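Inspection log for the structure reproduced underneath, given as structure tokens.
The values are calculated or read from the model by the stated rules, or taken from the named source; none is laboratory data. Just so we're clear, the structure is a prediction, and the values are computed from it rather than from any experiment. Cβ: placed from backbone, ideal geometry, glycine included. Neighbour counts: every protein chain shown. Heavy atoms of the whole protein, side chains included, go into the accessibility calculation; ligands, DNA and RNA do not. Shrake-Rupley method; radii C 1.70, N 1.55, O 1.52, S 1.80 Å.
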Amino acid sequence: MAEMRREWIVNAVLAMALLIVPLVALWINEPFYVTLATRVAILALAGVGLNLALGLGGMVSFGHAAYFGLGGYVAGIMAHHAFTGLPMWIGVTGSNQMLWIWLWAALLSGFLALIIGALSLRTSGIFFIMITLAFAQMIFYFTLSWPAYGGEDGLPIFVRNQFPGLNTMRPWDMFILSYGVLMLALVFFAMLRAARFGAALMAIRQNPDRAAAVGISPFGVKLAAFVLSGMITGLAGAMMADLTRFVSPAMIAWQMSGELIVIIILGGVGRLFGPVAGAAILVAFEVIFGGITEHWQFFLGLILLGVVLFARGGLIGLLAGRARHG
Amino acid sequence: MAEPVLDLRGVSKSFGALRATDNVSLTLKPGEIHALIGPNGAGKSTLMALISGKLPPDSGSIHFRGQDISRLSVAQRARLGLGRSFQISSLIPEYSARRNVMLALQARQGHPYRFLWPVMRDRGLMDPAREVLRRVGLEGRASVPSAELSHGERRLLEIAVALALEPRAFLLDEPMAGMGTDGARRLTAFLDKLRAEAPILLVEHDMDAVFALADRVSVLAGGRIIAAGPVAEIRANAEVRRAYLGEEEGA
Ligand SMILES: Nc1ncnc2c1ncn2[C@@H]1O[C@H](COP(=O)(O)OP(=O)(O)O)[C@@H](O)[C@H]1O
Ligand SMILES: [Mg+2]
């Protein structure tokens, strides 16, 4: 119980910090840090998606960049058509409304996750890792060679898509929007984890034979979680495209899938605020060591090794102790 | 004679050249405890795996409450009312005793896709879980993660999880294993009453328990049933086979 309370305090501090840093940056007129905090929020959102599959369900997907990139391309392509006025498909036009774009990003990512999950969830361990990677690589090479939307050059978004009541071109507005969506996703994650669905999912991760013996079919529950996971990560991809105003195959590259896993491991696998802590560490590393050496990923790798060897619960585990399930 | 709840007809299973289950036919009738005994490696656990659905049979069929379940998955058979315990405790290690029982209850109630309502505030799970834990004497250990329970407590939790399913038949694979004489005696008394709720197919090494509990006994060796009948008959038979029965003591 004490550990539960401690985790809530750690979570609250993280949530406050992510809000206060860009506020201060705005105050001292450093919009770069507002954008950086936005980047943390959106990467954390993508991580919340992966945390659902990997943290709760034990599905080590090494291909979540596929959903991240698909979400990004949905945003890019819809904005592109809204900008040029050319119809996308017969009768369907583009849009520059984020809510509409997010809906499609989530739906299509969920559909992709349904197909990939249905084909890969019968496997486990290293086979599952390799199959999810292979699917993501297929999509990566497809976007690379598909000239209609920029191919390897990527596709710019000239003006950020719009959200009612906000001026998304202003850094603070874009931040608070991303922060709000992240917080909603965290609430959803927490509720899901505490509900019967989460109970079944976490049980399957720990002991699939026992889950089956009480009548819970592991496949169906895992597939449902995998689809939800892909939807959230896809939504994050659409938001990232708007933040950087650019989508390219790099969003689908295996390095991106790796970064998402790194975020989860650094923050704490299965922990509610793990993705927030992990994304903050990753972006901080990028900024601090990225300026000193181009081999900053090497140092990140060292930290990762340290976490895996000495602090399996990640930063949240270090600060709040072991997870308890009551 | 009442219709059998569980009915195995000529079931066989091989691992490569090894016939682990060889043309086994047996029944489990309402209200009875049917004990399955035999030396280590006789194929008792394999037979349990065939019945529960973990392994597919090579030939033969398994009928449960009049339905051929030979091709159903483990989860489907569990939902039809087969409640099993594992020879080696197989629980959800991070979950408390209470949550292990609640998992079985939620599966039995059939709503695995309830996404948002927290289980810890679900009276439909918490109340029956408390009752089930009380029945096996684990109410004082409800919040302890199952990985931190003692061996004997884990064995009881295995039983509690099976109870929570309110099954139409129990498959218990060596429930007494490592329980100590005291624990074994108490569990024997408990199972004695349990048969009124649902019949029990009991794999057990503890011969005192088997002879105290069983209505019928089947003796398995080399994957085949070499003797079957009422307890008295097998006990008499066992005298003849002292050497054979003796070799699996303490295994
Ligand atoms: N999955 C398996 N693969 C190969 N051989 C197995 C497997 N499971 C059991 N066996 C073999 O089948 C025989 C019966 O094993 P088991 O059913 O565990 O016996 P018991 O429970 O009566 O001790 C043993 O010889 C065992 O080695
Ligand atoms: Mg055995």
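For chain B, the mean residue ellipticity at 222 nm estimated from helices alone is -11500 deg cm²/dmol, where every DSSP H run of n ≥ 4 contributes -39500 (n - 2.57) and the total is divided by all residues, rounded to the nearest 500. Taking 23 Å as the straight-line reach from the Cα of B:LYS29, the lysines in range (excluding those fewer than 8 positions away in the same chain) are B:LYS44, B:LYS54, B:LYS193.
In the distance distribution for chain A, Cα-Cα pairs more than 34 Å apart total 20 percent.
How would you classify segment A:127-230 from its alpha-carbon gyration tensor, with a ≥ b ≥ c the square roots of the eigenvalues: rounded for a/c under 1.5, else prolate if a/b is greater than b/c, otherwise oblate?
It is oblate, given that a/c is not under 1.5 and a/b is not larger than b/c.
Here the relative contact order of segment A:161-227, from alpha carbon pairs under 8 Å that lie six or more residues apart, stands at 16 percent.
Once the convex hull of all Cα atoms in segment A:223-326 is built, its volume per residue stands at 131 Å³. Dividing the mean sequence gap of close Cα pairs (under 8 Å, 6+ apart) by how many residues chain A holds gives a relative contact order of 33 percent. Heavy-atom surface analysis with a 1.4 Å probe gives segment B:91-166 a carbon and sulfur content of 52 percent of its accessible area. Backbone amide hydrogens, once placed in the peptide plane, bring B:GLU32 within less than 5 Å of B:ILE200, excluding anything fewer than 5 places away on its chain. Between B:ARG130 and B:GLU3, the distance separating the two model label sites (each 7 Å from Cα on the Cα→Cβ line) works out to 3.9 nm.
In percent, how large is the relative contact order of chain B, given Cα pairs closer than 8 Å and 6 or more residues apart?
RCO, chain B: 28 percent.
Taking every DSSP helix (H) stretch of at least 4 residues in chain A, weighting each as -39,500 (n - 2.57) and dividing the sum by the residue count yields a mean residue ellipticity at 222 nm of -24000 deg cm²/dmol.
Here the Debye sum runs over all C-alpha atoms of chain B as equal scatterers in vacuum, and log10 of I(q)/I(0) at q = 0.07, 0.11 Å⁻¹ comes out as -0.24, -0.58. Which one, B:GLY180, B:GLY38, B:GLY222, has the greatest fluctuation when you compute a Gaussian network model over chain B with C-alpha springs under 10 angstrom? Its mean-square fluctuation being the largest, the pick is B:GLY180.
A compact globular protein would have a Cα radius of gyration near 2.2 N^0.38 Å; the ratio found for segment A:177-275 is 1.24.
Taking only the Cα atoms of segment A:58-137, the ratio Rg/Rh comes out at 1.11, with Rh defined as the Kirkwood radius.
Once divided by 2.2 N^0.38 Å, the Cα radius of gyration of segment A:217-263 becomes 1.38. Note: segment B:91-166, Cα convex hull, 79 Å³ per residue. Between segment A:226-268 and segment A:1-70, what is the separation of their alpha carbon centroids in Å? Cα centres, segment A:226-268 to segment A:1-70: 12 Å. Less than 5 angstrom separates the built amide H of B:GLU204 from those of B:LEU36, B:GLU174, all sequence-distant by 5 or more or on a different chain.
Once A binds B, the 1.4 Å probe can no longer reach about 3000 Å² of accessible area, counting both sides. In the elastic network of chain A, a GNM with C-alpha springs shorter than 10 Å, the most mobile of A:GLY306, A:GLY63, A:GLY94 is A:GLY306.
Give the range of the longest stretch in chain B that excludes all GluC sites (Glu not before Pro) found in loop regions by DSSP and having at most 15 other beta-carbon atoms within 10 Å.
On the way: sites that count: B:GLU197, B:GLU249.
In short, B:1-196.
Ligands, DNA and RNA are left out, and with a 1.4 angstrom probe the accessible area of segment A:2-320 is 42 Å² per residue.
3J(HN,Hα) along segment B:83-92: x, 10, 10, 9, 4, 9, 3, 10, 10, 8 Hz, from the Karplus curve 6.51 cos²θ - 1.76 cosθ + 1.60 with θ = phi - 60°, whole Hz, x for Gly and Pro. Applying the criteria of a DSSP loop state and at most 14 other Cβ atoms within 10 Å to the GluC sites (Glu not before Pro) of segment A:221-326 yields A:GLU294. Take chain B, mark every one of the chymotrypsin sites (Phe, Trp or Tyr not before Pro) that falls in a DSSP loop and has at most 16 other Cβ within 10 Å, then report the longest stretch left between them, sites excluded. The segment B:116-251 is the longest one with no such site. Accessible surface calculations at 1.4 Å, restricted to protein heavy atoms, place chain B at 43 Å² per residue.
Both radii are taken from the alpha-carbon atoms of segment B:61-115; with Rh as the Kirkwood radius, Rg/Rh is 1.03.
Between A:VAL247 and A:LEU155, A:ILE157, the built amide H atoms are under 5 Å apart, and every one of these is 5 or more places off in sequence or on another chain. Considering every Cα-Cα pair within segment B:20-97, what fraction, in whole percent, is farther apart than 22 Å? Roughly 29 percent, once rounded to a whole number. With all protein chains in place and a 1.4 Å probe, the accessible surface of segment A:114-171 carries 69 percent carbon and sulfur.
Across the alpha-carbon atoms of segment A:2-63, the computed radius of gyration and Dmax are 15.1, 43 angstrom.
Expressed to the nearest 5 percent, the antiparallel share of DSSP beta bridges inside the protein assembly as shown is 60 percent. How big is D for the protein assembly as shown, in µm² s⁻¹ as a whole number, if Stokes-Einstein is applied with the Kirkwood radius of its Cα pairs at 4 °C and 1.567 mPa s? Calculated translational D: 49 µm²/s.
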